[in-house]
Each structure stands twice: as structure tokens, then as C-alpha cells.
Amino acid sequence: MSTESRNFIEQMIEKDLADGVYDTVHTRFPPEPNGYLHIGHAKSILLNYGLAKKYGGKFNMRFDDTNPTKEKTEFVESIMADIKWLGADWEDRLFFASDYFDKMYEGAVALIKKGKAYVSDLSADEIREYRGTLTEPGKDDPGRNRSVEENLALFEEMRDGKYEDGTKVLRARIDMSSPNMNMRDPVIYRVAHMTHHNTGDKWCIYPMYDFAHPIEDAVEGITNSICTLEFEDHRPLYDWVLIELGYKNSPNEAPKQTEFAKMYLNNVVTGKRYIKKLVEEKIVDGWDDPRLVSIAALRRRGFTPESIKMFVELSGVSKANSCSDYAMLEYCIREDLKVKKPRVMAVLDPVKLIIDNYPEGQVEMLEVPNNLENEELGTRQVPFTRELYIEREDFMEEPVKKYFRMFPGNEVRLMHAYFAKCTGCDKDENGNIIAIHCTYDPESKGGNSPDGRKVKGTIHWVSATEGIKVECRLYENLIDEEKGVYNEDGSLNLNPNSLDVRPDCIVEPSLKDAKGFDKFQFVRNGFFCVDYKDSTENHPVFNRIVSLKSSFVLPKKD
């Protein structure tokens, strides 16, 4: 009998439930609304939501909006759309850190009254200098020994707007000789005369993340604060805030912070600073450009929530940092779409094929299966006519060895239709091939000859008179993979061929009603999705999600 494999977080939760540390699992996803979410955030979203679902608990959506200098309503809306698309349902539990600013201010005052916080006049550079090094202890801030009364008065003046940005901060009084730098009297409030997207101009002081986050978790009843590994050294401060403010008595009580390894992808750009620059310089057409790995970009390109979930599951949850291959993400979308979506014929580099012995003006409707691997998708009617379009690469006037497609004298199968024998081609004055000629065998309908003769090549086609002209966009990695992500000067190694726009593609008329996010497999060319942003009724645009071929092999389980 097989047993379910549990990651280290699930093992910890099950022990806590058994020990009575809490009786209901309560998780949250707490993004800062200062940019679009990317594939790494998807791991955190699905992990937190998945744990709540698995153990019959609750999942909160909370914006950690404590830094108004970088936050925008645009980012709030995009993040909510991304999380809904991934299927993480916060029900009626949507919160903002700014909802708790009054409670955080009260907490800061309580720490001052306990002698656990003080107002500092040092600049940011001086605080850094006073903090010491990994081998040398820090030295006391001159304001560390102020009286409780003086600190209360100064902090109230900070709140009332008496001081300019950067002139005063509130620091926690912990231990300037602690081996953990985060515990050397960290800043917990700073002056910032900024309009906040949620609270307007009510506040001119704002809490630091390390102070705000544990309070938010405690107020919402969060049991498991699941963070990435860079917050591991911040955990003692998380517990210190909660214990000093009376939300819990020991680190073993909830809320409990637990860290896991981030999701890294080889040769992709996830840094907000770099993406912002790419957008501003119009190298990409926005945060949702299909060459990026923001969740919005993956959705626009045609990835599905199911493929992202599969990718996250294959990547696993651990304490060890590792990199996943983009090819594995492509594998996941192929696996998800291959039996779900219809396979249609589309020609991306068209050249005309004229069947000289086929009746002029005749339109013959052929019944074609939508997906040979999934009969439930049914069939469709595809028009066959005297003039067709085929891929330019499917004809070669002087064929190379083992070339089995169209060349003078060779017979091929026109997919779902007839055998056709090439008789020659037409060229323009520059020697470019503008049309190919052939004859067909009327007895070979369905692609099989009654006399049993075999052909080695099968090519797809679209009616020249009934097909629809569309634009297709083929994508490669935004980064030149051979050179790596960054140049020596820190700039990005961009791939000049990351976008190939094909404005004159021809697709079956069955796609005439396709709309934003509809997905199809284009025979031999890959999986494609209607671009919701640029596609119009008169100018349909299809993004290639992924090609059909892959070098990725799913590792075998032990």
C-alpha cells in the first residue's frame, strides 16, 4: 500500500494539530502591492491556499501596504486578478496592513511604555554604522537612554508631522550585541510624508514590515506565517514583537513563522526593477508581455492555472534553494492541453498550392476529428478547395535526402483529405516560388488509396478562399540563454529574436469566432492562444504558448 509523501511544512502542521498548538489551520498570502506577481509568487499562493484546503482551514488575502512610496492601486488590482485566476479563494477575508495602522501605532506606544522602544535621531547611514558587523557588536544609539516620557512625546510629534522624512525613527530596544543583526535595535517606524493609496494623508509615519507583519498575523488569527528563506533570520524578531505585545507567550505558540525555499527559474527575469526598465524602454509591451514570467504574462500567453499548479507540485517544497528549468513549465502546459483542446490546421508561412485537376469553385466539406486522443471533443467541418495554402517548408524544388514532403514528382497525403502529386511550381521574376502545382487522386478521400499504395509524407493545409488571415506571434526566451541573464555591467543579455511576428498566417474558418484566451493546438506548429489584449474581430492575434517538441523528460520516481 502506497503512503502519501508529506513535505516538511505539512509534517510540522500535523504535529502542531496533534499537540493542540492550534485546532484550525489559518494561512495567508501577503504581497506588497509594488509590482506584478511572478511565477515564484504562484508557489507561495498555491502553497498557502493548498495547506488551508488540505487541513480544512482558512486562507486570507492581505496586502502588506506599509510602504506608500512604491505602491499603486494598479498593482492591487492585478494581484487580486492573478490570485483569483490561480483559484485561491479568500472568500470574504480580504485585508490590508493599512487596516491595522491604528493598532500598530498603539503597539509601538505600548513598547515605549515598557521601555522596549525609543526614538532615534540618527540618519540611516549612522544607524548602519552603529549596528556593527558580523564579528563586532554594535554600539548604543545616543537616544537609547531617553526616558519613557520623552520618547512618548517625540513619537507623538512624529505622528503629528513635526519632523521631516529621515530625521527621526522609532527603534525597538533589544540587544546591540546580538549575533543576529536583525535584533540589534531594528527600526520599527519611520517618518514618510506620503499619500497612501488606502489611508490617504492620515499618516505621516509608517511601520516597518518586520514590525507590521507579525501584528497583522496575530490580529487575523493566522496560525502559520509561511515565508521564503531570506526571512529565516527575521524569525526571532517576529516572535519578539508578538511576545512583547502579548499576542503569545513563547515562539512555539501561534502565529508561527516557517520558511521554505523560493522558486527559481533558469534564464528568466523576475526582478521588478529590471521588468520596470524593460516596460519603460518599450522592450516589452507591459508587465503582461508574454515573454515575461509574471502571472499576468503567463495567463496572456496561454498558460493555465492547472499547468502552473502542476509545475509547482513538480518543483516541490523544501528548505534547499534550487533552480527549475523553464522546459519543465512548458512540459506542464503541454500535458494539460494535449487532450483538452482541438487540433486545427494553421499555416504560419504560407505558399499557395493549386490542385489543377480539382473543380474550380467547388467547396467540399470534410469531417475532421477535433482531437484523436479525445473522442469526446467530437468533429468539425473543414472546407477543401482547389487552391490551398501549405507551409513554405513543405515544398522543396530540389529535395535533400530523406525529404518526404512535396517536390516535383512526389506524392504526399493532404491531411484528412486526398493524395496529391506535385507537378511543379511558379516563380516570380526574382526566382521566388509563388505557387506550387499538383494533381489529386479523387479515389483517395480520407487520405487512403484504394489500390494500397503508400506515401511517406503528410502535410497540413488551409483553404485559400475559405481560410482566415491572422497574426501569429512566436516567442523565444527574452534572455540569450547562451550568454546568461546578466552582462558584467549588470544589464540584461537580451535575445534579439525573442519575438517573431507573422502577420500573414492562414487558419481554418472554424477559428473565426475564437475570442480572448481560447486555446488550440495548431498541427505541427504548437499550442496557441488568442491574445486578449491585441486581438480584434478584424485582426485576430494568436500567441504561441509552446511548441510541440520538448527536450524535457519528467524524472522517474524512486
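The values are calculated or read from the model by the stated rules, or taken from the named source; none is laboratory data. Note that the structure is predicted; figures quoted are calculated from it, not measured. Here Cβ is always computed from backbone atoms with ideal geometry, including for glycine, and neighbour counts include all displayed protein chains.
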Top-ranked residue in the stretch 269-291 [being β-branched (Val, Ile, Thr), in contact (Cβ under 8 Å) with a residue 60 or more places away in the chain and under 20 Å from PHE75 (Cβ atoms); ranked as surrounded by the fewest Cβ atoms within 10 Å (Cβ to Cβ)]:
THR270
Flagged pairs (Cβ under 9 angstrom, 6 or more apart or on separate chains; first in the stretch 359-372, among the charged types (D, E, K, R) and loosely packed, with under 10 Cβ neighbours inside 10 Å; second modelled with pLDDT of 95 or more and in a loop (DSSP other than H, G, I, E, B)) are GLU360/ARG386
In this structure, does ALA212 turn out to be touching a residue at least 40 places away in the same chain (Cβ under 8 Å), crowded, with 19+ Cβ neighbours inside 10 Å, among the small types (Gly, Ala, Ser) and over 17 Å from ILE127 (Cα atoms)?
yes
In this structure, does GLU376 turn out to be under 29 Å from LEU298 (Cβ atoms), at pLDDT 95 or above and either exposed (fewer than 12 other Cβ atoms within 10 Å of the Cβ) or among the basic types (Lys, Arg) (or both)?
yes
Please report, ordered by residue number, the strands (runs of 3 or more DSSP E) entirely within the stretch 476-534 with at least 1 residues that are touching a Cys at 6+ places or on another chain (Cβ under 8 Å) and surrounded by fewer than 21 Cβ atoms within 10 Å (Cβ to Cβ).
499-507
Name the single residue that is modelled with the lowest pLDDT among those in the stretch 512-535 being more than 20 Å from LEU372 (Cα to Cα) and aromatic (Phe, Trp, Tyr).
PHE517
Kindly establish whether SER294 is buried (at least 19 other Cβ atoms within 10 Å of the Cβ) and assigned by TED's automatic domain parsing to the domain that holds LYS58.
no
Of the residues PRO137, PRO179, which is at pLDDT 95 or above and within 39 Å of the chain's Cα centre (by Cα)?
PRO179
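For (1) in the same structural domain as ASP217 (by TED's automatic domain parsing); (2) touching a residue at least 60 places away in the same chain (Cβ under 8 Å); (3) within 22 Å of GLU244 (Cα to Cα), each residue gets a yes or a no:
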| residue | (1), (2), (3) |
| --- | --- |
| MET61 | yes, no, no |
| ASN67 | yes, yes, no |
| GLU77 | yes, no, no |
| LYS84 | yes, no, no |
| ALA88 | yes, no, no |
| SER98 | yes, yes, yes |
| GLU106 | yes, no, yes |
Can you pull out every residue in the stretch 417-439 that is in contact with a Phe, Trp or Tyr (Cβ under 6 Å, 6 or more places away or on another chain), within 27 Å of ARG380 (Cα to Cα) and assigned to a strand (DSSP E or B)?
ALA420
Within the stretch 449-467, considering residues that are under 35 Å from the mean Cα position of the chain (by Cα) and in a loop (DSSP other than H, G, I, E, B), the one nearest to ILE390 (Cα to Cα):
TRP461
Selected residue (criterion: nearest to GLU364 (Cα to Cα)) from residues of the stretch 398-433 that are surrounded by 15 or more Cβ atoms within 10 Å (Cβ to Cβ) and of a type in the set (A, V, I, L, M):
ALA417
Residue list for the stretch 362-373, restricted to those being out of contact with any helix residue (DSSP H, G or I) (no Cβ under 7 Å at 6 or more places or on another chain) and either among the charged types (D, E, K, R) or modelled with pLDDT of 95 or more (or both)
GLN362, VAL363, GLU364, MET365, LEU366, GLU367, VAL368, PRO369, GLU373
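A quick yes/no check of all residues on (1) in a helix (DSSP H, G or I); (2) within 30 Å of LEU298 (Cβ to Cβ); (3) at pLDDT 95 or above:
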position	(1), (2), (3)
GLU77	yes, yes, no
ASP82	yes, yes, yes
ASP92	no, yes, yes
GLY143	yes, no, yes
The condition of being touching a His at 6+ places or on another chain (Cβ under 8 Å) and either β-branched (Val, Ile, Thr) or closer than 25 Å to VAL546 by Cβ (or both) holds, among GLU376, GLU391, GLU335, GLU330, only for GLU391
Leading residue by the ranking (nearest to the chain's Cα centre (by Cα)) among those in the stretch 240-266 that are crowded, with 19+ Cβ neighbours inside 10 Å and either among the acidic types (Asp, Glu) or under 20 Å from MET104 (Cα atoms) (or both)
GLN257
If you go through ILE127, ILE112, the only one that is modelled with pLDDT of 95 or more, closer than 14 Å to ILE205 by Cβ, surrounded by 13 or more Cβ atoms within 10 Å (Cβ to Cβ) and in the same structural domain as ILE79 (by TED's automatic domain parsing) is ILE112
Applying the selection to the stretch 5-37, what residues are outside any loop (DSSP other than H, G, I, E, B) and within 27 Å of the chain's Cα centre (by Cα)?
PHE8, ILE9, GLU10, HIS26, THR27, ARG28, PHE29
The number of residues in the stretch 342-378 that are under 34 Å from the mean Cα position of the chain (by Cα) and not basic (Lys, Arg) is 18
